Structures are given as structure tokens and as C-alpha cells.
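A.B. asks: Let me give you the structure first, and then I'll get to my questions.
The values are calculated or read from the model by the stated rules, or taken from the named source; none is laboratory data. Note that the structure is predicted; figures quoted are calculated from it, not measured. Every residue, glycine as well, gets a Cβ built from its backbone with ideal geometry; the counts of neighbours run over all protein chains shown. Side chains included, ligands, DNA and RNA excluded: accessible areas come from the protein's heavy atoms. Shrake-Rupley method; radii C 1.70, N 1.55, O 1.52, S 1.80 Å.
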Amino acid sequence: PSAYNVAWQQAIVIVERVSPIVSEVSAAVLAASQNDRAGLRRYVKMFTEGIALLAFPATFGLAVVADDFVALIFGDEWLPAIGPLRILALVAAFRSITPVLSQVLIATDQAKKNMQFAVAGSVVIPVMLYVGSRWGITGVALGWLVGHPLVMGTVLLRYALHTTELSLMGYLSALRAPAIACGGMVAAVIAVRAAMPLDWPLWLRFILEVGTGVAVYGGWMFSAYRKRFQSFLAVLRSPPAAQEPSQSEEART
């Protein structure tokens, strides 16, 4: 395989591990709440936050330690994969949360509109990849970083938020906890990388980097966001049944 394929496979595996865990439940829950805009808003935020809490530490962590990861796992001949891997890991973070937006459209009987966005993506993203290919495999990875958010993060997001009557700030608030926890994790890993002598064995450096990330993120999650994550897991284990819209639901954000 090429260096780009190696980078792609390592980045996309995170999305493939996380998405199936949540997608089946989230699709059913959103469909059950299709006539309850307050319920849709609540569950869009819950599933977005829950997926991000699972996927963001892996994707952002991989982006930070990509150089040591590639050198240790694949060897020096695959070092050209480092740049694309860093970028594609960030793309994977974004791709992990966008399926919820598509599920909103499907749950509210707008499958045709969702298909139109998918077709738009199949046109825009290849164009971005072609343009980026002028700068090699790193440019192709950048094509993903530009193309996917351009379609999914603007058009699809805007339409899904309009459907649920959820404000952009309300949606972004669901990403606040994962962003804060990952920010602390990334800062800690970078600090450890800077403090370790370069002549230490690569395997030891990598273990310390990953261990630091796991400890910091896990500690932050346990102390600050444990109850919110437990609520998310509870919904996965026991999805709520369809409910009638209630005036006591959360105020529109």
C-alpha cells in the first residue's frame, strides 16, 4: 500500500469503530422524536456530544503522536505517511459526528434532501482531492479537510439545524466538553513530548505519550463530565420510546 493508504486506514478505523456503536440507536431515537422538536434538539446534542467524547480523544491524540506512531508501528520507510495521517485524523474527528446530521433528515422524512447532500459531496470532495493532489499526498489529505466540512459542515449542518430549530451556538455547545477535555489532553501530551530526551527508546516515548493522554483525558472525563457521559451510555443501553411533545421540554436554544 502507498503511504497515503496507510494514513487513511489508520485514521478511518476510528470512525469505523465508533459510528456503528451509536448509529443504530441514534437513528431509532431520532425517528421516535420526529414530531417533537424539543426532543430532536436534545438528542442531537446528546448524541453529538457522546460521539465526540468517544472519538475526539482518539483522533486528536493520533494527530499529535502520528510521527512516533508511524515510526514505531510501520518503520522508517513509511514516514511520508505522517503528514497525511495528522490531517486525516482531524478529518476523522469531523466525520465521526456528521452522521447524526444525516439521521436528522432521514428521521424527519427528508431522505431525498439527505441524498442530494451526499451527491453534492461526491462531486465537491473529488474536485478538492484533485486540486490537492498537485501538492502530493499531503495535499490530497488537505482536500478532505476542506471538501468534507464544505459540504457536511456548512450545507448539511445548516439544514439539519433549521429542521430541529436548534441554533448554531446550541449545537456547538454540545462540542464544548469534548473540546475542553481534548485540549487539556493534547497540551499534556505535547508537554511530555517536549520534556522527554530524544535519545530515549521510541517505544518508551510512545508509551509515555499515550499513557499521559489516557490519564489526562480519563481524569478530566471522570471529574468533570462523568454524569453527562453516563447519561449518553444509558440512552445507548435503553433507548427511550417515542414521546408526545411537551411544553416542559428545554427552551429552544
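A.B. asks: From the list 94, 60, 117, which residue is touching a Cys at 6+ places or on another chain (Cβ under 7 Å) and part of a helix (DSSP H, G or I)?
C.D. replies: Residue meeting the stated conditions: 60.
A.B. asks: Further question on the same structure: Mind counting the residues in the range 209-230 that are buried (at least 17 other Cβ atoms within 10 Å of the Cβ), of a type in the set (A, V, I, L, M) and free of Cβ contacts under 8 Å to residues at least 40 places away in the same chain?
C.D. replies: 1
A.B. asks: So which of 179, 187, 234 is open to solvent by 40 Å² or more (accessible area, probe 1.4 Å), out of contact with any Cys (no Cβ under 8 Å at 6 or more places or on another chain) and in contact (Cβ under 8 Å) with a residue 40 or more places away in the chain?
C.D. replies: Exactly one of 179, 187, 234 is open to solvent by 40 Å² or more (accessible area, probe 1.4 Å), out of contact with any Cys (no Cβ under 8 Å at 6 or more places or on another chain) and in contact (Cβ under 8 Å) with a residue 40 or more places away in the chain, namely 179.
A.B. asks: Hey, does the range 53-68 have a residue that's over 23 Å from residue 192 (Cα atoms) and in contact with a Leu (Cβ under 7 Å, 6 or more places away or on another chain)?
C.D. replies: Checked the range 53-68: no residue is over 23 Å from residue 192 (Cα atoms) and in contact with a Leu (Cβ under 7 Å, 6 or more places away or on another chain).
A.B. asks: In addition: Residue by residue through the range 1-52, note down the ones that are buried (at least 22 other Cβ atoms within 10 Å of the Cβ) and not in a helix (DSSP H, G or I).
C.D. replies: 33
A.B. asks: Continuing with this model, one more query. Tell me which of these residue 111 doesn't satisfy, since it passes every other one: (1) open to solvent by 40 Å² or more (accessible area, probe 1.4 Å); (2) touching a helix residue (DSSP H, G or I) at 6+ places or on another chain (Cβ under 6 Å); (3) modelled with pLDDT under 90.
C.D. replies: Looking at each condition in turn, residue 111 falls short on (2).
A.B. asks: Give 167, 173 a once-over and let me know the one that is exposed (fewer than 15 other Cβ atoms within 10 Å of the Cβ), in contact (Cβ under 8 Å) with a residue 12 or more places away in the chain and of a type outside the set (D, E, K, R).
C.D. replies: 167
A.B. asks: Within the range 166-179, can one find any residue that is part of a helix (DSSP H, G or I) and closer than 24 Å to residue 85 by Cα?
C.D. replies: Within the range 166-179, one or more residues are part of a helix (DSSP H, G or I) and closer than 24 Å to residue 85 by Cα.
A.B. asks: So, one more: Of the residues that sit in the range 63-83 and are outside any helix (DSSP H, G or I) and among the hydrophobic types (A, V, I, L, M, F, W, C), which one is surrounded by the fewest Cβ atoms within 10 Å (Cβ to Cβ)?
C.D. replies: 74
A.B. asks: Could you please find all residues in the range 130-156 being surrounded by fewer than 19 Cβ atoms within 10 Å (Cβ to Cβ) and over 18 Å from residue 59 (Cα atoms)?
C.D. replies: Result: 130, 131, 133, 134, 135, 136, 139, 150, 154, 155.
A.B. asks: Take residue 105 and tell me if it is in contact (Cβ under 8 Å) with a residue 12 or more places away in the chain, open to solvent by less than 20 Å² (accessible area, probe 1.4 Å) and not aromatic (Phe, Trp, Tyr).
C.D. replies: So residue 105 passes the test.
A.B. asks: Next question, about the same structure. Which of the residues spanning the range 155-172 are more than 18 Å from residue 112 (Cα to Cα) and polar (S, T, N, Q)?
C.D. replies: 167, the sole residue that qualifies.
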